[in-house]
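Here is the structure we will look at, set down as structure tokens.
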Amino acid sequence: MDQKSVALLEFPLVRARLAEATQFPPSRRLAEALEPSADPVVVARALQETDEARALLRERPGVGIGGAHDIGPAVGRAARGGRLDAEQFVAIAETLEAAARLADALAGERRPLLRDVGRAIQPLPALRSVLERSFDPTGELLDSASPRLGGLRRAVRLAYERLRSRLDTLVHSSELGGALQEPIITLRNGRYVVPVRAEARGRVKGIVHDASGSGQTVFVEPLIAVELGNAWREAQLAEALEVERILDELSALVGANAPALTTTLDALARFDLWSAKARLAGEMDATRAETSPTPRIVLRGARHPGLSGRVVPIDVELGGDFTALVVTGPNTGGKTVTLRTVGLLSLMHQAGLHVPAEAGSSLPVLKDVFADIGDEQSVAQSLSTFSGHLRSITRIVAAAGPDTLVLLDELGAGTDPTEGSALAQALLDHFIRSGALVAATTHYAELKIYAHATPRARNASVEFDLETLSPTYRVSIGLPGTSHAFQIAERLGLPGAIVDDARSRLTEGQVAFEETLASIRRHEGEAIDALAQARAAEARAAEARRQAEEERRRARADRDEAVKAARLETERIVESLRDEVRAARRRLEREAVTAAALDRIERTADEHLARLPVAEEQAAPPEAPVDVAWRVGMRARSRSRGWDGRIAALERGGRRATLEVGGMRVTVETDDLVPAATVAEQARPTVRPAADGASASIPRLRLERARTVASSLDLRGARVEEALEMLGRYLDDAALAGMERATIVHGMGTGALRDAVRASVAASPLVRAWRPGGRGEGGDGATIVEL
């Protein structure tokens, strides 16, 4: 990516915010090195990292690397044979503990990238156990660090206590009477001494180690304590040597595990970087933009992440029907912010970050992003504003091409307006021909006409509220903007005569042009309002469809659960009966069956059978048989199913008819049909548990309508929702009728109805297996279901 443009678009500020969201130095370094990529594979993986981390933190906010340290330098030193100190060992132990917690949290993780990170972590429990046994949390080496260390430390304490005890006895004895300045013991040069008055030096035999600044006191180690002091010092040296040996041994152990520790540290850093990306997305209320396969930018409700306070979201589109966007409007209206938002969000997307925009936004993977924003004026380099811009644009012209984005602020400004607008139009033409996406801001009226007349270009404007003299920051695609110079001057108090004089100096062509622009804005504004209303209606319809689908899903789930529970209960009861039968058979084989045993078996069977559901039909008035010569086109109604429709076809022999019902076709027996006006209301069967003392014979489910269930269901012409509802009812009736096989006719068409039908039958607990239709069975336009 062009680094100058990356800096101009303020991507380093986003990167700094990401680094602040990390929890330890290795992941901070990764965040500080983050760059946008032009490789679609790299971008897709980076976005998936953010997706998975964000989903994990929503489910388990506490998962993290808390307690981990940057142990890289310590591990490297140990690998080179160096000695580590206690603080470094404690940091390694705490990092391994944090790694173990994270590995446990990611164990069994279903998201692939997080699962791979969890597998890359090596908690090294043996090394961690050794370090925890050797150091306490403050870094103090424990006696348990080695078998000898505890004994050596006890020897040091014993030698010290003997030395102090002897000296305490000495300073309080009458032997040293007035020879001491004070009856205290102090330390000089690592040896314990007593303060002796200089004039009484001869009364205390020993070694002088120091003297006071005034010379009035000398610090003497009494001869009687020298041997004890030597013993204490030797014990200290022995302890120090053992400590050094332990540190060397533990350092060598860390060095031997350096590759595993480095791998673990890298995994922790990657996980923390992904978590930081997820936390940053949460802070910005960001979403993942879909990756567009073509160079087309669609931003819905986009917000610049650098803005604070109340931020007005903008909608921007670029690419597809047009590849050049000319943004016009008053100063401070948000034109430059629009360019920065498009450029920065494109860079964020290609760095694997979620962008502050609404769902439905999409961004392509661009080869490069170029920006000329801001004033390139430089006194030191003798550059005017125009020269500075032109030098930057010249560099962009040489590099821009297909799959690149070019952002130009105040294109053609800083020179003669006529020449500047002509140069701007030529540049826009060049970028369009080169295949680049280009967005430019301007005040030139000629560029508004250019964008309106050029097929591959579009106008866009930032809105301005003349009542409050403040910008609204909303962007309108397809509408040219105006600077509102005269209106703003009047509102700010410039005398009306001067404003009127200024208006009168406009040429007729300029006045006509402004009137044409106003007309364009009015008509395109009406079109945009109509489109917005259509989109709102479409969104409402989509939400209604979603809610209906959710209700249908819940109803089907409840029904499937009830069917499953009933099936399990039935299977349990049948299995109990089978156990009784097997037991009876064994007794028969042993010729041990008695009348009492047979009675007991019969009572047990009755008890099990009494718990089976029994279908009980409400009394329905008998229907008189109907003798009708059915013809195509007549209206009829199915007695059992309640379908009312037109007869579309009759089979040879007139035994079955095809009804057109609500946009779909169903096949029924003609004996089940009556004229539409004479159908009697059918009573629906209800199911209740059998009463106590029910007959011992196996109850029969009274399914009088079983004979009327057709062997096939024709769903052609039905919408998916209607078809799935009809399919569910049909499968219920077919299963109750005891059918073993049924044919579902859905046609081929686009395949949407076929796929929905097959997904539904595959998930149904009533279906044992299904397959596409074979030759003579309708081919792929039908599905054969085994119940």
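Count Lys and Arg as plus one, Asp and Glu as minus one, and take only other residues whose Cβ is under 10 Å from that of D51; the net charge is then +2. Just so you know, the Cα atoms of region 72-121 work out to an Rg and Dmax of 14.2, 41 Å. Surface composition of region 238-295: carbon plus sulfur atoms contribute 58% of the solvent-accessible area (1.4 Å probe, protein chains only, all chains present). Put simply, the C-alpha atoms of region 311-358 give a gyration tensor, and the ellipsoid matching it has half-axes of 20, 15, 9 Å, longest first.
Give me the number: length gained by fully extending E59 to R310, i.e. 0.36 nm times residue separation minus the C-alpha to C-alpha distance, one decimal in nm.
Value of the extension gain: 87.4 nm.
Figure note: M634, M348 ranked by solvent-accessible area, largest first, 1.4 Å probe, ligands and nucleic acids not counted: M634, M348. Take the Cβ atoms of L187 and A33, set R0 to 56 Å, and the FRET efficiency comes out at 0.60. The residues neighbouring V666, those whose beta-carbon lies less than 14 Å from its own, together hold a net charge of -1 under the Lys/Arg +1, Asp/Glu -1 convention. When the charge dipole of region 256-352 is built from unit charges on Cβ atoms (+1 for Lys and Arg, -1 for Asp and Glu) and taken about the Cα centre, the candidate among T336, L268, A324 whose Cα reaches farthest toward its positive end is T336. Extents of region 70-227, taken as max minus min of Cα coordinates on every principal axis and listed largest first, are 85, 31, 26 Å.
Peptides 443-454, 36-47 ranked from most to least packed, by the mean per-residue count of other Cβ atoms within 10 Å: 443-454, 36-47. The length gained by stretching the chain between S173 and R83 to full extension, at 0.36 nm per residue less their Cα-Cα distance, is 27.6 nm. Reachable aspartates and glutamates from K564, Cα under 17 Å, same-chain residues fewer than 8 places away excluded? Once the sequence-local aspartates and glutamates are set aside, what remains near K564 is E575, D732, D733. Of K564, K277, the residue with the largest accessible area leads and the full order is K564, K277 (1.4 Å probe).
For region 14-158, the residue among V117, A21, P36 whose Cα projects farthest onto the positive side of the dipole built from Cβ charges is V117. Here the calculated FRET efficiency for A769 and L577, from their Cβ-Cβ distance with R0 = 35 Å, stands at 0.80, rounded to the nearest 0.05. Calculation over all alpha carbon pairs of region 127-202 in 10 angstrom steps from 0 returns a P(r) of 16, 31, 21, 17, 12, 4, 0 percent. Annotation: extensible slack from A16 through A260 equals 84.8 nm (criterion: 0.36 nm per residue apart, minus Cα-Cα distance). So what does V311 come to for accessible area, using a 1.4 Å probe and Å² rounded to 10? Using a 1.4 Å probe on the heavy atoms, I get roughly 40 Å². Using the Stokes-Einstein relation with a Kirkwood hydrodynamic radius computed over Cα pairs, the translational diffusion coefficient of region 10-81 at 20 °C and a viscosity of 1.002 mPa s comes to 147 µm²/s. Computed over region 244-360, the range of Cα coordinates on each principal axis works out to 76, 34, 21 Å, biggest value leading.
The values are calculated or read from the model by the stated rules, or taken from the named source; none is laboratory data. Owing to the predicted nature of the structure, the values given are computational and were not obtained by experimental measurement. Neighbour counts run over all protein chains shown; Cβ positions are idealised from the backbone, glycine included. Calculation scope for accessible area: heavy atoms of the full protein, side chains included, ligands and nucleic acids excluded. Shrake-Rupley method; radii C 1.70, N 1.55, O 1.52, S 1.80 Å.
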